[in-house]
Structure formats: C-alpha cells, structure tokens
Amino acid sequence: MIGSSGRTSTSKTVSSNAAWLLVGNAMFAFGQYGVVILIARWGTAEMLGRFALATAIVTPIVLLSNCALRTIQATDVQSQFTFGDYAGFRLVGLTLTIAVVAGIGTRYDLATWQLLLAVLLGKVLESIGDLLQGALQRRERMDVVGFSQLIKGIGSLTVFAVGFAFTGNVFAALIAAAVVSGAFVIGYDLPAAWSEWRLDLGASEVRKHVLPRLSLTQQYSLAKLALPMGVTVMLGSLLVSIPRFVIEGSLGAAELGVFAALSWLTLLGNLFASAVAHASLPPMSRYYAAGQTEKLQNYLNTLLLWGTIGGAVACLATALAARPIVALILGHEYAQHSFTLLLLVASMGVGLAICFLDHALYAARKFQVQVPLNIVGCLATAAGCWLAVPRYGLPGVAATICLVSIALAGSRWIIVQRTLRSTSPELADVVSLEATP
C-alpha cells in the first residue's frame, strides 16, 4: 500500500511540480483556446456561440459527476480508498452524465445537439485521464501530469485545425480532436500510472488495486465525501455558465460567441492558479494533518500575495494594450469590447485568490463549506446578469461577475481563518506525518 504521506523518492519539489503543471496546463489551455481562435477566425461568431453554449451545458454536469475525485485522491494521505474505488465511482458518474446530456440535447436543433455530443465525448475522455492524473498527483509526479497535458494540448489542437480546415465542420473536427486526446490517455497516462502502482504494490497486486470496484460500503463512504465536493465544483462551473445562458437567451448566439471568446482570453490566469494550487495541495494537506496550521497559513499567504501581484499585472496590461492584442488574436469584431475584457480580467484576478483559498480548505478536507456560498453566488449572478443585460449589455455581465467574485473571495477568507483557528494543536500527536516545506 502507498505510504500515508504518498511520497517516494520519485516525488518532486513543489516548485518543480508547479512549473511542470504550469507549462503543461498552459499548453493544454493553448489547445483549448486555439479551438476558439480557429472558430472565430475561420468560422462565424454564431458558430462560436453554439460551441460556447454546448460547453456551458456539458461542463457543469461532467464536473458534478467527477466530484473532484482528483483532489480527494491527492488529499487521501491515509489511503482510505483504493484507486479501484475511485474508478468505480467515476464509471457510475460518467454513465449517468452521458444519459443526462443526451436527454438535454433533444431540446436543441441538430447542429447544437451534435456539438453537445462532441464536447461530451471530449469531456468524458478528459475525465478518465483526470482520474489517472489524480493517482500521479498523489505521488507528486506533476512532471508526468504536466507532460501529459502538454502533448494533449498540442495534439488535439493540431488535429482540430486540420479537420476544420478541410471540412469546415466544427462537429467533425471536435470528434477527431477528442479521439486523439483519448489516445494519449490510453497510451501515456495509463502506462505512467501503472508504472507508479507497480513500484508501490508490486506487479501481482496492481490489478486488484486499480480495477473498478463497486463495493457498496466503500462507494457509500466515498459518496458522502465526494458528492458535496461535486456539488461545489458544479456550482463553481455554473458561475461561469449562467452568464452565457443569459446572454444567449437575451442577445443571441453571436453575442455569446463574442463574450465567450473574451472570457477564454483569461484562461491563462486560471491555469496558473490551478497549476500552483494542485502542486501545493499535498504539502498543505500534510501541514494540516500534522496540526501545523501556522505553516499552512504562511504558505497560503504567499500564494495569495503572488496571486494579487499577478492579477494586478494582468489588469494593467489589459488596460494598456487590450484592443490591439484582441484584434491580433481574434479580429477587429472582438476588439471593440476591450472594457468588457478588462472587467473579466479583474474578476480573473479575484478568482486566483478564490482558487488558493479553496485548496486550503481542500487540504483541511473541508469539502462542504463552499456549497452554500456557491449557491448564493449562482443566484446573485443570475439575478445580476438578468438585470444588467438589457441596459448595459456585455459590460454589465462582466461587472456582475467581478462583484460576485469579490464577495465569494471574502467569504472564503473568513471560513479559512475560522477553520485554521479551530484546528486542535494536538492533531499532530494523532496523525504522525512529516510536513515538508
């Protein structure tokens, strides 16, 4: 069995892990945003709007079924569940997801329904890879995870570009890109995870450990832990999707395409936060498990400081050079919305803090406290966007997102402080774990 700390001689330092994840996630994001750029350049804003709508529908459902199992794996320092338990849970979740999305798709026209299925296929294959990457993250093998993301980003974008150039069909190009991404999951992620399991368990025990298990006792225990996390992540995704539903319903697919393209420009900041937060999760978990809350607080403060600096720099760069940059990347049709982009970048900066604060709570195995916050956030976003769109258009939507993000960040800070203050110092005597800087 893997040791309680989940570390071996092959584990990397936090800085190395974050660097690998940042590079890998940046290339993966480049692949995803490259799809947006190609549709904007070679297609129409309406095409892009349909793609954005499909993504907005599918993503929250997939995230709910995923239940953030990768994060739960990474914080499972006492090996409460085997990989087979996680795999069984994921298998059931994905089966339900396919059925739900297929049902929702019947309400839309054929073109949108096709895009829903194409996006769903990509998300399902990505979900399988995510579970394998969770096993690697638990051993702090972010170099492997980062390289996986890198090759998937480059490979899927290349195939999409070729497919879209030759067919002009977004659906066909997305299907081809998803298949290539799935091939990398089978050909790279699975062998890499298998190699790590063999080091821990021995060749004779690997199959028993990793094959999907549907033990009712274990699945029930995992569900109690994971479902609140899934609801939390789904609600976080709805915070992104709700404005898109409002825009599509009030202004149409073309305006949604413009807003989605601008929103995706902020993706690099989100990926930076995600890379650093994922790399920081194992050490923060060990700090909390060892009762070393002061070290965890200092660690979190450092993350928040760098996040604040990064957000400020991004806002300044956007204010000075948004119009020419957007015109160069997306075209002049999108460049006239530079103020909307500035507001979205500001909300992205606040989102960096939200990401770091959430991962501090995950390190403390607090997977439920964000649920009521995100419910209120979704309701406030829906109401704000509904009121803002008729009078202020896209800038009104972006301002609503920014204000809600500030409120959510402040509430999370309060919860983190209360959590750390309430942690018993004697916990270090109960859980004998070595925390490393």
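Condition first: within 21 Å of residue 234 (Cβ to Cβ), crowded, with 18+ Cβ neighbours inside 10 Å and under 20 Å from the mean Cα position of the chain (by Cα). Can you find one or more residues in the range 329-347 that meet it? Within the range 329-347 (the criterion being within 21 Å of residue 234 (Cβ to Cβ), crowded, with 18+ Cβ neighbours inside 10 Å and under 20 Å from the mean Cα position of the chain (by Cα)), the answer is yes, since at least one residue qualifies.
Quick grid of which residues meet (1) in a helix (DSSP H, G or I); (2) in contact (Cβ under 8 Å) with a residue 24 or more places away in the chain; (3) more than 30 Å from residue 329 (Cα to Cα); (4) out of contact with any Leu (no Cβ under 7 Å at 6 or more places or on another chain):
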{"position": "207", "(1), (2), (3), (4)": "yes, no, yes, yes"}
{"position": "218", "(1), (2), (3), (4)": "yes, yes, yes, yes"}
{"position": "232", "(1), (2), (3), (4)": "yes, yes, yes, yes"}
{"position": "268", "(1), (2), (3), (4)": "yes, yes, no, yes"}
{"position": "275", "(1), (2), (3), (4)": "yes, yes, no, no"}
{"position": "279", "(1), (2), (3), (4)": "yes, yes, yes, no"}
{"position": "285", "(1), (2), (3), (4)": "yes, yes, yes, yes"}
{"position": "302", "(1), (2), (3), (4)": "yes, no, yes, yes"}
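Among the conditions (1) among the hydrophobic types (A, V, I, L, M, F, W, C); (2) farther than 22 Å from residue 34 by Cα; (3) touching a helix residue (DSSP H, G or I) at 6+ places or on another chain (Cβ under 6 Å), residue 275 misses just one, which is (2). Report yes if residue 307 is part of a loop (DSSP other than H, G, I, E, B), in contact (Cβ under 8 Å) with a residue 24 or more places away in the chain and either under 29 Å from residue 74 (Cβ atoms) or out of contact with any His (no Cβ under 8 Å at 6 or more places or on another chain) (or both), otherwise no. No: the conditions fail for residue 307.
Residues considered: 123, 152. Of these, the only one that is closer than 17 Å to residue 51 by Cβ, in a helix (DSSP H, G or I) and at pLDDT 90 or above is 123.
Summed over the range 157-196, the residues that are of a type in the set (Gly, Ala, Ser), in a helix (DSSP H, G or I) and over 19 Å from residue 132 (Cβ atoms) give a count of 7.
Residue-by-condition table, conditions (1) buried (at least 23 other Cβ atoms within 10 Å of the Cβ); (2) touching a residue at least 12 places away in the same chain (Cβ under 8 Å):
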residue	(1), (2)
235	no, yes
242	yes, yes
249	no, no
254	no, yes
259	yes, yes
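Residues considered: 157, 190, 132, 150. Of these, the only one that is surrounded by fewer than 18 Cβ atoms within 10 Å (Cβ to Cβ) and of a type in the set (A, V, I, L, M) is 190. Here residue 291 passes the criteria (1) without any contact (Cβ under 8 Å) to a residue 12 or more places away in the chain; (2) not in a helix (DSSP H, G or I) except the one numbered (1). Taking the criterion of being surrounded by 21 or more Cβ atoms within 10 Å (Cβ to Cβ) and of a type in the set (S, T, N, Q), the residues of the range 266-285 that qualify are 280, 285.
The rows are residues; the columns are (1) surrounded by 23 or more Cβ atoms within 10 Å (Cβ to Cβ); (2) among the charged types (D, E, K, R); (3) at pLDDT 85 or above.
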{"residue": "8", "(1), (2), (3)": "no, no, no"}
{"residue": "13", "(1), (2), (3)": "no, no, no"}
{"residue": "23", "(1), (2), (3)": "no, no, no"}
{"residue": "62", "(1), (2), (3)": "yes, no, yes"}
{"residue": "79", "(1), (2), (3)": "no, no, no"}
{"residue": "95", "(1), (2), (3)": "no, no, yes"}
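Kindly check whether there is at least one residue in the range 292-315 that is under 26 Å from residue 139 (Cβ atoms) and at pLDDT below 85. The answer is yes, given that some residue of the range 292-315 is under 26 Å from residue 139 (Cβ atoms) and at pLDDT below 85. Residue pairs whose Cβ atoms lie under 9 Å apart, separated by 6 or more positions or on different chains, with the first residue in the range 142-166 and free of Cβ contacts under 8 Å to residues at least 40 places away in the same chain and the second surrounded by fewer than 24 Cβ atoms within 10 Å (Cβ to Cβ) and not in a helix (DSSP H, G or I), are 163/169.
Could you tell me whether residue 144 is within 27 Å of residue 23 (Cα to Cα), in contact with a helix residue (DSSP H, G or I) (Cβ under 6 Å, 6 or more places away or on another chain) and among the β-branched types (Val, Ile, Thr)? Spelling it out, residue 144 is indeed within 27 Å of residue 23 (Cα to Cα), in contact with a helix residue (DSSP H, G or I) (Cβ under 6 Å, 6 or more places away or on another chain) and among the β-branched types (Val, Ile, Thr). Within the set 373, 394, 343, 361, the sole residue that is in contact with a Ser or Thr (Cβ under 7 Å, 6 or more places away or on another chain) and closer than 25 Å to residue 45 by Cα turns out to be 394.
Here residue 219 meets each of (1) farther than 30 Å from residue 393 by Cβ; (2) in contact with a Gly (Cβ under 7 Å, 6 or more places away or on another chain); (3) at pLDDT below 80; (4) not acidic (Asp, Glu) with one exception, condition (3).
Could you list all residues from the range 192-216 that are at pLDDT 80 or above and among the aromatic types (Phe, Trp, Tyr)? Passing the criteria: only 194. Can you confirm whether residue 241 is touching a Lys or Arg at 6+ places or on another chain (Cβ under 9 Å) and either within 25 Å of residue 51 (Cβ to Cβ) or among the polar types (S, T, N, Q) (or both)? Criteria not met by residue 241. Of the set (1) crowded, with 23+ Cβ neighbours inside 10 Å; (2) more than 28 Å from residue 139 (Cα to Cα); (3) under 15 Å from the mean Cα position of the chain (by Cα); (4) not aliphatic (A, V, I, L, M), all apply to residue 33 but (1). For the range 331-353, does any single residue satisfy the condition of being assigned to a helix (DSSP H, G or I), closer than 30 Å to residue 38 by Cβ, among the hydrophobic types (A, V, I, L, M, F, W, C) and without any contact (Cβ under 8 Å) to a residue 12 or more places away in the chain? Scanning the range 331-353, I find no residue that is assigned to a helix (DSSP H, G or I), closer than 30 Å to residue 38 by Cβ, among the hydrophobic types (A, V, I, L, M, F, W, C) and without any contact (Cβ under 8 Å) to a residue 12 or more places away in the chain, so the answer is no.
The values are calculated or read from the model by the stated rules, or taken from the named source; none is laboratory data. No experiment lies behind these values; they were computed from the predicted model shown. Glycine also receives a Cβ, built like all others from the backbone with ideal geometry; neighbour counts cover every protein chain displayed.
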